[in-house]
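The values are calculated or read from the model by the stated rules, or taken from the named source; none is laboratory data. Remember, it's a predicted structure, so these values are computed and weren't measured experimentally. Here the Cβ positions follow ideal geometry from the backbone for every residue, glycine too, while neighbour counts run over all protein chains shown.
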Amino acid sequence: MKRLHIYLFIIALVASTIGLWWMGPIPQDPLYHDFADQRSFFGIPNFWNVVSNIPFLLLGAVGIWWSIRDWRRRKGLVVQLIPAVLSFGILTAFGGSAYYHWTPNSLTLVWDRLPMTLMFMPVFAILIYDFIGEKQGNITFWLLVMLGIFSVFYWHYTEAAGRGDLRVYAFVQYFPMLAAILLVLITPQKPVYARYLLIAVGWYVLAKLCEHFDDAIFAKLVFWSGHTIKHLLSCVSLWYVLKIVEKWRLSAPVLHQ
């Protein structure tokens with residue numbers, strides 16, 4: 001079964017890479033920063049898009065606490081670091097996203113996207129660790145984190161050069177979800193966190209749909225826009241991601257005291 005996972009992973013990886021290359025550079029939509037709800041309250045511009053990031057702060061704090069609490073119980077540096085890096089990404093998403101929505105532009109967007117790569121890549125490393133192999137998971141964790149960070153700065157560099165290209169960032173954001181669904185579906189003996197994984201992907205897909213229909217949702221609801229709801233639904237997804245890591249931690253080897 002491990003061999004099947006490896007073959008499937010390689011096929012999906014190659015197909016995704018060829019597909020993105022065939023599409024050509026993906027520039028940042030200049031209208032991306034033009035959010036439907038631009039109301040200010042209490043001196044805070046784009047109020048709801050800013051304050052709807054508070055749940056990230058709370059979730060990140062919970063994740064950091066869990067990481068510190070269980071740090072010495074985990075066997076291996078990567079197994080220790082995965083929950084910590086993920087939780088740090090969630091925590092810093094609060095500041096990065098709030099900063100971006102306070103003043104939406106391509107420069108502040110860098111600080112919104114960087115923390116997100118620290119959420120996607122650790123979960124991807126868990127998949128490789130469990131489905132492909134412990135050694136591969138340990139090695140690729142470091143490569144994936146660096147790839148995630150690189151994807152944001154590569155986009156920013158190409159954007160500043162007038163030839164913006166989001167392809168690497170798109171891969172970092174979407175390929176882990178594709179791989180997660182494929183690997184879980186073909187595995188007869190599901191990992192302990194399989195249900196949480198599929199639920200997390202489902203909530204995130206719903207969040208992205210709300211982001212896409214930002215204007216339409218705001219026109220319908222008036223009170224909140226699609227992007228504000230996207231933040232809240234993303235936090236629901238991240239709660240299940242934290243549950244994934246917790247389940248994975250409980251099933252991983254621990255150090256004997």
Over the stretch 151-191, the set of residues more than 21 Å from LYS208 (Cβ to Cβ) and surrounded by fewer than 16 Cβ atoms within 10 Å (Cβ to Cβ) is PHE153, TYR157, ALA160, ALA161, GLY162, ARG163, ILE186, THR187, PRO188, GLN189, LYS190
Across the stretch 36-57, the tally of residues that are within 21 Å of the chain's Cα centre (by Cα) and either loosely packed, with under 14 Cβ neighbours inside 10 Å or within 21 Å of GLY226 (Cβ to Cβ) (or both) stands at 8
Going through the stretch 127-154 in order, the residues found to be among the β-branched types (Val, Ile, Thr) and more than 21 Å from ILE26 (Cα to Cα) are ILE128, ILE132, ILE139, THR140, VAL145
Qualifying residue in the stretch 196-216 (condition: among the hydroxyl-bearing types (Ser, Thr, Tyr) and under 15 Å from ILE128 (Cβ atoms)):
no
Residues in the stretch 187-225 that are touching a residue at least 40 places away in the same chain (Cβ under 8 Å), more than 20 Å from MET177 (Cβ to Cβ) and assigned to a helix (DSSP H, G or I) total 5
| query | Would you call GLY60 in contact with a Lys or Arg (Cβ under 9 Å, 6 or more places away or on another chain), under 24 Å from TYR169 (Cα atoms) and either modelled with pLDDT under 95 or not charged (D, E, K, R) (or both)? | reply | no
